[in-house]
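Read through the structure below, which is laid out as structure tokens, and then see the notes.
The values are calculated or read from the model by the stated rules, or taken from the named source; none is laboratory data. In this text the structure is predicted, and so the values were computed from the model without any measurement. Cβ placement follows ideal geometry from the backbone for every residue including glycine, while neighbour counts extend to all protein chains displayed.
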Amino acid sequence: MRNKKLKIGFLPTLLVLVAMLVVACGGTGNTGGTTPTPTTRTKAAQDKQIYIGSAGAGIDDFGTLDPALVSDQNSGWVIASLFTGLVELDNNLTVKCVLCSSYSVASDNVTWTFKLRSGLQFSDGKPLTSADVVYSITRALSPATQSPLGLYYLNIIKGATDFNSGKTKTLAGVSAPDANTVVIVARKPAAYFLQTLTYPTSYVVEQSVIKQWGTAWINHLTDNGGQGGAGPWKVQEYTHSKQIVLVPNPNYFGLKPQLAKVVYPIYKSADTTYQVYQVNGIDTTGVPSTHVTTDRQRPDYRATPQLAIFYYSMNYNQKPFDVTSCRQAFALAINKDAIAKSVWKNTVVATNHIVPRGEYGYNPNLTGPDGTTSTAGNPTKAKQDLQACMQAQGYASMANFPPITLTYASSGIQDARNEVAALQQMWQNTLGISVKIDDVTFNKLVGDENLGANNPLQMFSGPGWIADYPDPQDWTTLQFDKNSNGASNPMSFGQNKGPDAAAQQAVQLQLEQADVNLDAKAREQAYFAAEQQLVNYVAWLPIYQQITSELVKPCVQGRDYNALSQTFPDDWAKVYISTDTPCASLSS
């Protein structure tokens with residue numbers, strides 16, 4: 001699957017939507033224990049305990065292994081194995097302590113205190129204390145780090161914006177009263193505060209390694225027998241554009257992995273992983289839609305629900321998309337049902353939603369920009385909107401209409417190319433507009449998006465979004481608020497010169513007010529109202545909700561991840577290679 005856990009590209013395989021997991025919150029973390037042993041399968045010899053995964057599918061290399069810089073899921077998978085945070089989400093999307101042993105919030109609802117586990121160490125054996133936590137969060141927000149998402153996820157911390165902008169020299173909201181205590185003060189009460197800390201920007205990194213090697217520190221993760229993080233794994237080898245090899249971290253505080261090694265080969269084409277899987281070159285693969293019908297009957301077929309939406313965006317700072325009717329014309333010309341059927345063979349669910357089905361904040365009564373719940377498009381209304389668009393822009397005829405370019409990253413996936421071809425045909429047939437296509441690398445697409453208000457793209461694939469944490473704030477405020485508040489907002493919703501900019505800014509204010517509302521029901525209703533306006537303004541152009549579908553070799557036991565495509569650190573202890581066949585050939 002493609003994403004960050006963050007931004008996702010096209011999923012090479014998807015399954016019809018089933019019930020999603022619903023988040024719950026917890027106060028204290030797991031207490032550890034002994035590594036579980038297999039009871040139903042025969043465990044293979046230790047020299048066979050090698051898992052060859054597919055985290056490097058559809059990319060030319062991992063974007064980064066720096067938690068402060070990550071903005072794609074392929075990199076995020078590896079980072080989550082090497083580094084840990086104070087808290088993370090378990091397999092049921094419950095916030096659990098990882099580095100902390102407990103946490104509490106004061107009566108002011110903004111002062112949070114975390115007590116660390118005793119005896120924490122980095123993978124090279126050096127002690128990990130509260131000072132390292134403070135350093136890591138501060139580093140992610142430091143303007144010198146140039147994190148594309150540091151402020152995006154950590155702006156809830158008091159003083160984060162001023163520190164990130166260089167207005168202040170210190171981060172006011174994070175402190176370490178003693179070696180085992182971290183205090184974080186939020187700038188406002190927020191029901192989602194703990195969940196923001198589950199994103200990698202707050203993961204703890206080894207200060208001494210970064211001070212020694214500077215921006216090149218990631219290239220030295222193999223030094224000293226493996227260093228830099230405190231997760232269940234450490235790096236044994238990283239050959240750029242080829243593969244990364246992980247081995248267990250002997251100093252990991254939690255349950256130790258049973259696997260002797262994890263290998264992630266890198267393939268520029270995601271479809272290649274499917275071919276390599278067939279010849280036992282890897283242990284997991286996505287399934288192209290052309291094979292889903294038959295592969296669904298295979299015993300090695302698995303499906304995992306995802307809180308993930310695929311969408312397109314139009315840049316409000318570029319003509320003709322600064323006018324709402326222009327965006328609505330392009331949105332309503334799309335028959336999402338036809339795309340789900342013809343392109344994805346009914347393995348995705350068409351949607352008008354920004355907040356996905358299956359989590360708190362999903363609005364079952366939301367409508368599309370035409371005021372209906374239909375996902376089949378509305379050609380009549382689309383043509384009317386196009387006429388309104390031309391009148392508003394002063395275009396006398398279609399000859400005056402500006403050229404349109406859609407930028408996306410197919411990552412070598414034919415299904416993705418077929419989808420874009422279908423969109424081109426729909427826009428041509430309904431609007432009479434020929435849209436040019438620019439197929440770029442995934443990293444370039446995400447890089448341009450991360451420029452926010454300086455995003456040069458006119459129309460672009462999202463490339464998609466999988467929840468960082470299951471809360472509507474992650475889908476709304478973090479996407480569409482002002483950049484100064486830490487939002488991504490690559491389409492410049494609200495911050496543009498279009499005629500509806502002021503009205504869009506009112507929606508941004510509604511979202512900010514919903515963020516601090518501690519009444520769960522009232523807060524949800526506020527997000528419902530704001531999301532409907534976002535859909536009407538076509539802040540996103542959602543196409544469908546996604547779920548991964550994959551093949552996994554029979555020898556892989558215990559491997560699992562949650563609806564955000566994350567593996568809780570201790571859950572690696574459940575994974576082992578059995579004697580079942582077939583299995584990936586280690587000689588490959």
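When each of Val323, Val262, Val287 is tested for being more than 21 Å from the chain's Cα centre (by Cα), closer than 30 Å to Gly377 by Cβ and touching a residue at least 40 places away in the same chain (Cβ under 8 Å), the lone residue that passes is Val323. Taking segment 285-308 as the range and being among the polar types (S, T, N, Q) and assigned to a loop (DSSP other than H, G, I, E, B) as the test, only Gln297 passes.
Within segment 234-289, which residues are among the acidic types (Asp, Glu) and under 18 Å from Gln49 (Cβ atoms)? Hits for segment 234-289 are Glu237, Asp283. Exactly one residue out of Thr367, Thr405 is surrounded by fewer than 19 Cβ atoms within 10 Å (Cβ to Cβ), outside any helix (DSSP H, G or I) and free of Cβ contacts under 8 Å to residues at least 60 places away in the same chain: that is Thr405.
Considering (1) free of Cβ contacts under 8 Å to residues at least 60 places away in the same chain; (2) in a strand (DSSP E or B), the lone condition that Gln275 does not fulfil carries the number (2). As a summary of the residue check, Asn454 satisfies the conditions (1) modelled with pLDDT under 95; (2) of a type outside the set (A, V, I, L, M, F, W, C); (3) within 30 Å of Tyr360 (Cα to Cα) except for the one numbered (3). Can you find even one residue in segment 559-580 that is surrounded by 24 or more Cβ atoms within 10 Å (Cβ to Cβ), among the β-branched types (Val, Ile, Thr) and in contact with a Phe, Trp or Tyr (Cβ under 9 Å, 6 or more places away or on another chain)? Scanning segment 559-580, I find at least one residue that is surrounded by 24 or more Cβ atoms within 10 Å (Cβ to Cβ), among the β-branched types (Val, Ile, Thr) and in contact with a Phe, Trp or Tyr (Cβ under 9 Å, 6 or more places away or on another chain), so the answer is yes. For segment 310-342, the candidate set comprises residues that are closer than 18 Å to Ala422 by Cβ and of a type in the set (Val, Ile, Thr); within that set, the residue that is surrounded by the fewest Cβ atoms within 10 Å (Cβ to Cβ) is Ile339. Within the option set Asn378, Asn443, Asn429, being out of contact with any helix residue (DSSP H, G or I) (no Cβ under 6 Å at 6 or more places or on another chain), crowded, with 19+ Cβ neighbours inside 10 Å, within 30 Å of Pro288 (Cα to Cα) and not aliphatic (A, V, I, L, M) holds for one residue only, Asn443. So which of Ile50, Ile8 ends up being touching a Lys or Arg at 6+ places or on another chain (Cβ under 6 Å), at pLDDT below 85 and over 15 Å from Tyr203 (Cβ atoms)? Answer to the selection: Ile8.
Residues in segment 152-172 that are surrounded by 16 or more Cβ atoms within 10 Å (Cβ to Cβ) and more than 24 Å from Val98 (Cα to Cα): Gly159, Thr161, Phe163, Asn164.
Residues being within 18 Å of Gln207 (Cα to Cα), among the aliphatic types (A, V, I, L, M) and assigned to a helix (DSSP H, G or I): count how many of those fall in segment 133-172.
Residues meeting the conditions: 5.
Put simply, of Ala422, Ala416, Ala388 the only residue that is more than 21 Å from Pro542 (Cα to Cα) and in a helix (DSSP H, G or I) is Ala388.
Among the residues making up segment 208-259, those that are in contact (Cβ under 8 Å) with a residue 60 or more places away in the chain, buried (at least 21 other Cβ atoms within 10 Å of the Cβ) and part of a strand (DSSP E or B) are Trp233, Lys234, Val235, Ile244, Leu246. Looking only at segment 185-201, decide whether some residue is crowded, with 16+ Cβ neighbours inside 10 Å and touching a Pro at 6+ places or on another chain (Cβ under 6 Å). Yes; the residues of segment 185-201 include at least one that is crowded, with 16+ Cβ neighbours inside 10 Å and touching a Pro at 6+ places or on another chain (Cβ under 6 Å). Among the residues making up segment 52-64, those that are of a type outside the set (Gly, Ala, Ser) and crowded, with 22+ Cβ neighbours inside 10 Å are Ile52, Ile59, Phe62. Evaluated against (1) over 25 Å from the mean Cα position of the chain (by Cα); (2) farther than 30 Å from Pro472 by Cα; (3) not in a strand (DSSP E or B), Ile282 falls short on exactly one condition, (1). Checked against (1) outside any helix (DSSP H, G or I); (2) of a type in the set (S, T, N, Q); (3) modelled with pLDDT of 95 or more; (4) surrounded by 16 or more Cβ atoms within 10 Å (Cβ to Cβ), Ser175 meets all criteria but (4). Taking segment 96-113 only, how many residues are within 25 Å of Pro250 (Cα to Cα) and either among the hydrophobic types (A, V, I, L, M, F, W, C) or outside the structural domain of Pro569 (by TED's automatic domain parsing) (or both)? Adding up the residues that qualify gives 4.
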